[in-house]
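Reviewing the structure listed below.
Please treat every number below as a calculation from the coordinates, not as lab data. These numbers were taken from a predicted model, which means no experiment stands behind them.
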């Protein structure tokens, strides 16, 4: 088969959906995976409208379920080739540390970290033996800059950043490139419908309730300025087609400036600047 093959996890919405359409528009066979294939409707409607439905292969995959990963790996073994893997599946856990049960942290890491590792382990032998391939992980500015009230998500993305560094150094000698895309705020719904806030931090008797409301207001007020997720999808596809891509790819309004500032000024000034914005 001469056609390039891209696997995208979490394809039913957001960056995953847009990325599937972008790869399909470039002629890839896109294996679009999602936990619930009943949620394929939006993707298939858009693909059909754009004349791209013939480039999509919808497959079930729950990145937190070993049996689901095993079934998907058998399917990939029959295909025998993967040129690009986009690890996109994820969600945002929120709340304040004192009030978040450990199981909620574990669930967050099961999807955003261990799920990525499990899927990548299936793909690595194909790419290593072929001597080429691209693994593109959807990280976040939250993997570089922390924020209160989002510690499960922040911690998972910081973990993903470190793991991806190791993976890049391991696979570079085999001709396999690893890259992280680090978006700021985009219109994907992760901060509205996709955020899972721990129950206690939503209760009025929580000592953190007022701060949680301020954070929610800050996020809501910023929503009209969120950018088009297709910009991220286009960047992902560009990375896949680039020879020797760089490792980190920040994208979004203020993202590069924010990262540069955090890395260059003393923490006390960073902290002061942060709290002035939250007033």
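Brief remarks follow.
- DSSP bridge orientation in the stretch 124-270 - percent antiparallel, rounded to nearest 5: 0
- Cα Rg over Rh - the stretch 62-153, Kirkwood: 1.06
- Cα-based radius of gyration of the stretch 1-148 once divided by 2.2 N^0.38 Å, which approximates compact folds: 1.09
- Helix axis angle, 267-277 relative to the chain longest principal axis, alpha carbon, degrees: 80
- Of 69, 265, 251, the residue with the greatest mean-square motion in the GNM of the chain, using alpha carbon springs below 10 Å, is 265.
- Dividing the radius of gyration of the alpha carbons in the stretch 188-279 by their Kirkwood radius gives 1.05 for Rg/Rh.
- For the stretch 207-279 versus the stretch 64-133, the inter-centroid distance based on Cα atoms is 24 Å.
- Taking the stretch 23-70 and dividing mean pair separation by its residue count, relative contact order in percent (alpha carbons under 8 Å, at least six apart): 45
- Residue separation of residue 274 and residue 246 scaled by 0.36 nm, minus their Cα-Cα distance, works out to 7.1 nm of gained length.
- For Cα Rg over 2.2 N^0.38 Å, the candidate list reads (i) 1.31; (ii) 0.91; (iii) 1.02; the entry that matches the value derived from this model is (iii).
- Working from Cα pairs under 8 Å separated by at least six residues, relative contact order for the chain is 19 percent.
- Theoretical ellipticity at 222 nm over the chain - DSSP helices of four or more residues, -39500 (n - 2.57) apiece, nearest 500: -14000 deg cm²/dmol
- Beta bridges per DSSP with both ends in the stretch 5-253, % antiparallel, nearest 5: 0
- Compactness index (Cα Rg / 2.2 N^0.38 Å), the stretch 113-216: 1.36
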